[in-house]
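Notes follow the structure.
The values are calculated or read from the model by the stated rules, or taken from the named source; none is laboratory data. This one's a predicted model, so the numbers in the text were calculated from it and none came from an experiment. So basically every Cβ, Gly included, is an ideal-geometry build from the backbone, and we count neighbours across all protein chains shown.
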Amino acid sequence: MRAFLIASVILAGTAAEAQAPGTPFRIGLPGQETQACGAGAEALAPATLAYVDHLSARLSAPVQVCLFAESADAAKALAAGEVEMALLDGAGFAPVAGEVRAILGLLSDRGLNRIPVRVAVRSDSRARSLQDLKGGRLVFGGRLPAHLDAPRDALADYGAAPAFFGQATVAEDHEDAAARLRRGEADAMVLHIGAWQRLCRGDSPADTPCDDLRAVWTERPVADRALAVRRDMETATRHRLVGIHIAMHLEAPRAFAGAIWRAGASEFEPTEAEALILREEPVS
């Protein structure tokens with residue numbers, strides 16, 4: 001399915017290249033000092049220039065890099081329409097979240113995507129929120145990164161680092177975690193959403209194997225940085241940008257090396273609009 005998607009966006013981008021060249025597409029990137037769009041292009045790293053050239057060819061438009069010393073300044077420029085896309089962090093993004101949205105993050109160097117994470121309790125538990133589980137016993141649904149590292153990342157982002165819980169154990173898998181929870185050996189279990197769905201999927205619509213369990217918290221890990229655009233960007237343009245980037249590690253590895261902001265990242269991944277900000281107040 002992923003190969004089909006990448007092939008589809010490559011074909012879509014090829015069709016777009018036949019369009020007449022447009023006005024410059026301006027990208028806000030981090031720099032040691034703020035520089036106007038296009039200024040100092042000769043000082044850009046060769047890999048960054050490869051990214052600019054690749055994006056220009058795929059968009060059939062000139063691409064200019066605008067450097068910003070602070071993410072907040074790049075975010076303000078994006079909100080004001082002074083750039084078409086910018087690399088932002090959460091602090092820069094938050095004040096202009098109503099005008100801009102994230103579109104692309106990076107797959108973690110640990111191979112983790114930002115899959116939603118769910119914390120569940122027994123249906124007879126008094127816990128109604130993550131805060132209610134402070135000092136409690138937590139069980140994870142396995143030792144693989146997606147079962148352990150990703151949930152830990154999500155919990156820590158929202159204030160529930162390991163010290164928040166009184167005890168944390170690791171089960172063999174999601175079924176073992178649920179069994180421990182049901183036996184009263186833990187106060188809550190944490191699973192990525194795929195494992196939760198496997199656990200709670202019955203053999204028929206009438207089969208509800210998780211009737212005795214209740215979710216109290218579901219969130220994704222917060223992205224460290226993301227490429228963002230204005231919310232009023234045309235949908236077709238936004239989709240084209242996503243398509244160009246998610247295929248880049250295969251289609252143009254040198255350009256990909258110039259586009260990423262974290263060493264070891266393996267590919268771009270589409271992301272939700274509010275990927276850079278907390279969706280609720282952290283626990284304490």
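Taking Leu250 as meeting all but one of (1) over 30 Å from Pro151 (Cβ atoms); (2) in contact with a helix residue (DSSP H, G or I) (Cβ under 8 Å, 6 or more places away or on another chain), write down the number of the exception.
(1)
Could you pull out the residue among Ala223, Ala195 that is hydrophobic (A, V, I, L, M, F, W, C), surrounded by 13 or more Cβ atoms within 10 Å (Cβ to Cβ) and in a loop (DSSP other than H, G, I, E, B)?
Matching residue, one of Ala223, Ala195: Ala223.
Quick test for you: out of Ala74, Ala127, pick the one residue that is touching a Phe, Trp or Tyr at 6+ places or on another chain (Cβ under 6 Å), over 18 Å from Arg238 (Cα atoms) and among the small types (Gly, Ala, Ser).
Going through Ala74, Ala127 in turn, just one is touching a Phe, Trp or Tyr at 6+ places or on another chain (Cβ under 6 Å), over 18 Å from Arg238 (Cα atoms) and among the small types (Gly, Ala, Ser): Ala74.
Can you pull out the residues in region 30-86 that are in a loop (DSSP other than H, G, I, E, B), surrounded by fewer than 15 Cβ atoms within 10 Å (Cβ to Cβ) and free of Cβ contacts under 8 Å to residues at least 40 places away in the same chain?
Across region 30-86, the qualifying residues are Gln32, Glu33, Ala36, Gly38, Ala39, Gly40, Ala69, Glu70, Ala80.
Those residues that are among the hydroxyl-bearing types (Ser, Thr, Tyr), touching a helix residue (DSSP H, G or I) at 6+ places or on another chain (Cβ under 9 Å) and within 23 Å of Met248 (Cα to Cα), I need them from region 31-87; list them, please.
Thr48, Tyr51, Ser60
Suppose we keep only residues that are part of a strand (DSSP E or B) and touching a Lys or Arg at 6+ places or on another chain (Cβ under 9 Å) within region 138-159. Which one would you say is nearest to Leu112 (Cα to Cα)?
Phe140
Of the conditions (1) in the same structural domain as Phe165 (by TED's automatic domain parsing); (2) part of a strand (DSSP E or B), Arg101 satisfies every one except a single condition; which number is it?
Of (1) in the same structural domain as Phe165 (by TED's automatic domain parsing); (2) part of a strand (DSSP E or B), only one is false for Arg101: (1).
For every residue, the table says whether it meets (1) closer than 12 Å to Gly141 by Cβ; (2) under 27 Å from the mean Cα position of the chain (by Cα).
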| site | (1), (2) |
| --- | --- |
| Asp176 | yes, no |
| Ala179 | yes, no |
| Arg182 | no, no |
| Met189 | yes, yes |
| Ala195 | yes, yes |
| Arg198 | yes, yes |
| Gly202 | no, no |
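How many of the residues making up region 211-236 are without any contact (Cβ under 8 Å) to a residue 60 or more places away in the chain and in contact with a Phe, Trp or Tyr (Cβ under 9 Å, 6 or more places away or on another chain)?
Summing the residues that are without any contact (Cβ under 8 Å) to a residue 60 or more places away in the chain and in contact with a Phe, Trp or Tyr (Cβ under 9 Å, 6 or more places away or on another chain) in region 211-236 gives 0.
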